[in-house]
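Beneath this line is the structure, given in structure tokens, with notes to follow.
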Amino acid sequence: MSYWFLCGKGKVFGFSCGLRRGFNYQQTFSLVNVKLKWVKDKALDAVIAGERDLRAACNLVSILSSAPDFCLPIYHLSRHRGQLGLPHDHKLSTFIRRYPTIFHESYVFDSAGTLVPCFELTLEALNLYHEELGVIRDNMIDLIDRLCKLLMLTKDRILPLQTIDQLKWDLGLPYFYIDNLIPNYADLFSLFRLPDDRIGLKLLSWDDTLAVSQLEKNVARQTEEDLKNNCLAFPIGFTRGFGLKRKCMGWLEEWQKLPYTSPYADASHLDPRTDVSEKRIVGVFHELFHLTIQKKTERKNVSNLRKPLSLPQKFTKVFERHPGTFYISKMSDTQTVVLREAYDCQRIVQRHPLVDIRERFASMMRKGFRDRSRGLYKETAYIGHKDPLKIVQGHKGGGNGLDSEVDSDDDLFSEYNSDESIHCPT
């Protein structure tokens, strides 16, 4: 049996040991009673830093791009708040105003004479979004395969849309994938109502060519004996300074020798109390993270996968019990699970084209935040007296070219910092 360990800055060492004869593969060597310490990994934390704001901003870009003139009032954008992942005490308008290189603010009078803040995409953001659409089109086969494999991991090839929505950012799915993607593949997917009255997505047919896990694809790393006994070992890595106790290392050595159960295979015969079952759970998440474009997701996104993936109670505890395979980042007041083997320090080993687009959006956000902090973007709005229903704008970094009809020296909203509308008496 072969093992691969990553230590420090991606350095690898390995060793081999044969299968022990007469070993009871259903025997329990559980780490449940072994307390493993959590060690901060600064490199992987840096990967997670800013992810929450980036996801929210990119989702808002998708929402605005589907609107007429790429502009919507704040009350329309607030309807999507649940999909943005922002803290509940975070005002949406405050968040949007942080990034003037992506979003431009304007105002409109509604029919009741109420002045409402509106937001639209800057020209630079709109152009980058169109590039993103091109990347998605060029990688459509890969994207559909990822969605198929996700559904193939489940017992009945079915997942509620709510569950997929939680993973769509990590999978690289478009924000409006239900309307813009699924209808184009009616031969693969079907929407239907679940017994609990939710809407689910079902994969209509099984594809044997897709039912091969990433670990099985990496057969070049495995020895002939490993393959013969189906005892595939997971790549292991530890944060610098992580000291694994001898009894834990002994358990890990024995555990890596256990037979590997494909996440696409029926595992109903496994006793959930055994380490063979535990290895299957690790294998399921190892494959699930490989389906994501950045090999990570928030822990809460997988918390409702227990029944669809046929997992035991408290299945997410494997993330703590296997710190050499998974790293739990605690950045941004949440827990994000990262597949260690996918990163060399902060660099992702297999880089998906969408990652480049997201990093360019992140760069735009950083620039806008810095420029706004320096006072380069002034929060002003001018009220149009000739046409009170017309959107009028102040300082603008780009957009669809709408201009104010009337110039004014009034700086009415320099301190405006609320999602609420303002009633202006006539």
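The values are calculated or read from the model by the stated rules, or taken from the named source; none is laboratory data. Not measured: the values here are computed from a predicted model. Because the Cβ atoms are built from the backbone with ideal geometry, glycine has one as well, and the counts that use them run over all protein chains shown. For accessibility, only protein heavy atoms count, side chains too; no ligands or nucleic acids. Shrake-Rupley method; radii C 1.70, N 1.55, O 1.52, S 1.80 Å.
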Carbon and sulfur atoms account, in whole percent of the 1.4 Å probe accessible area of the stretch 276-325, for 50 percent
Placing each pseudo-label 7 Å from Cα in the direction of the beta carbon, Val219 and Arg370 end up separated by a distance in nanometres of 5.0 nm
Pseudo-spin-label distance Asp89 to Asp271, built 7 Å along Cα→Cβ, given in nm, is 4.9 nm
Under 20 Å by backbone N from the virtual spin label 7 Å along Cα-to-Cβ at His76, the residues of the stretch 177-208 are 177-180
With every protein chain kept in place and a 1.4 Å probe, the stretch 114-237 has an accessible area per residue in Å² of 46 Å²
1/(1 + (r/R0)^6) with r = Cβ-Cβ of Phe176 and Lys37, R0 = 51 Å, i.e. FRET efficiency to nearest 0.05, evaluates to 0.75
Using a 1.4 Å probe on heavy atoms of the protein chains only, the accessible area for Ser373 in Å², nearest 10, reads 90 Å²
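If I compute solvent accessible area with a 1.4 Å probe over the protein chains, what percent of it on the stretch 49-92 is carbon and sulfur?
52 percent
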Expected field for Leu181, accessible surface area in Å² at 1.4 Å probe radius, rounded to 10, holds 10 Å²
Under a 1.4 Å probe, counting only protein heavy atoms, Asp266 has an accessible area in Å², nearest 10, of 110 Å²
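So, for the stretch 273-386, what is the accessible surface per residue at a probe of 1.4 Å, expressed in square angstrom?
44 Å²
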Among the stretch 279-299, those whose backbone N falls under 14 Å of a label point 7 Å along Cα→Cβ from Gln335 are 297-299
In nanometres, the difference between 0.36 nm per residue of separation and the alpha-carbon distance of Asp69 and Ile158 is 28.3 nm
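Quick check: residue separation of Ile141 and Ile199 times 0.36 nm, minus the Cα distance between them. What number comes out in nm? Before the final figure, lay out each step's value.
On the way: separation 58, 0.36 × 58 = 20.88 nm, distance 2.45 nm.
Separation in residues times 0.36 nm, less the Cα-Cα distance, equals 18.4 nm.
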